[in-house]
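Visitor: Following this message is one structure expressed as structure tokens.
Bear in mind these aren't lab numbers, they're just calculated from the coordinates by the rules spelled out. Model, not experiment: these values are computed from the prediction. Heads up, the Cβs are rebuilt from the backbone with ideal geometry, glycines too, and the neighbour counts pull from every protein chain shown.
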Amino acid sequence: MKERVEARGHEHVTAEHASTLELTSDDWLTPAGDCILAIEATAVPSEFDAAFVEACRSEEATITATLRVGDREQTVEGSGHPELTFGSDRSMVARTSDYVDDRTVMVGADAAAAGVDRELVAALASGNKLECILEVEA
């Protein structure tokens, strides 16, 4: 099962956070938002299909986020968790830890913002569009 989110970069994208990676539906970004890759997300966790959310609640689930900017692509892989709610109507966060809140879409991610390809980050800092495909295999 898949969910597709589009967003756009912003001049304040630095992608320096070591444990989280975030997309937000907000239309602004301050320099403090070092985990945020893109703004103006076209979908938020609370809008995801119920079957997708349920599949992500399995501890055996593998969740993959494919990030595409132009011809650049990077995949971040993590795990599901029984406490995932996908309740946020504002942002989605991939975490390298096992911490869960209403924004969390995966735990145990193999990369955070700081691990994103620097050319992809530079393209986002220039305001380019991002496509994020979330896929779950339970």
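Visitor: Summing -39500 (n - 2.57) over the DSSP H runs of n ≥ 4 in the chain and dividing by its residue number, what mean residue ellipticity at 222 nm do you reach, to the nearest 500 deg cm²/dmol?
Guide: Result for the chain: -3000 deg cm²/dmol, rounded to the nearest 500.
Visitor: Another question, then. Would you please name the chymotrypsin sites (Phe, Trp or Tyr not before Pro) within segment 14-107 that are DSSP coil residues with at most 14 other C-beta atoms within 10 Å of their C-beta?
Guide: W28, Y99
Visitor: About the Cα centre of segment 39-99, what is the dipole size in debye to 20, counting +1 per Lys and Arg Cβ and -1 per Asp and Glu Cβ, all else neutral?
Guide: It works out to roughly 180 debye.
Visitor: Now for a separate question. Would you kindly compute the Cα radius of gyration of segment 2-137 and its largest Cα-Cα separation (Dmax), both in Å?
Guide: According to the Cα coordinates of segment 2-137, Rg and Dmax are 13.3, 38 Å.
Visitor: Got the relative contact order for the chain handy, in percent, Cα pairs under 8 Å and 6 or more residues apart?
Guide: Averaging sequence separation for qualifying contacts and normalising by length gives 36 percent for the chain.
Visitor: Of the listed peptides 123-136, 102-115, 64-77, what is their order by residue-averaged count of other C-beta atoms within 10 Å, with the highest listed first?
Guide: The most tightly packed comes first, giving 102-115, 123-136, 64-77.
Visitor: Count neighbours as other Cβ atoms within 10 Å of each site's Cβ, and list the trypsin sites (Lys or Arg not before Pro) in segment 1-32 that are DSSP loop with at most 10 such neighbours.
Guide: Sparse-neighbourhood loop trypsin sites (Lys or Arg not before Pro): none present.
Visitor: A further question on this structure: I'd like the Kirkwood hydrodynamic radius of segment 1-72, using the inverse of the mean 1/r over distinct C-alpha pairs, in Å.
Guide: Hydrodynamic radius (Kirkwood, Cα only) of segment 1-72 equals 13.6 Å.
Visitor: Separate question: Which listed residue (C56, P31, G70) has the Cα farthest towards the positive end of the charge dipole for segment 25-89, taking +1 on Lys and Arg C-beta and -1 on Asp and Glu C-beta about the Cα centre?
Guide: G70
Visitor: Report, in whole Å, the centroid distance computed from the Cα atoms of segment 103-138 and segment 1-24.
Guide: 5 Å
Visitor: Figure the gain on full extension for D117 and E60 (residue separation times 0.36 nm, minus the Cα-Cα span) and round it to one decimal in nm.
Guide: Extra length from D117 to E60 when fully extended: 17.8 nm.
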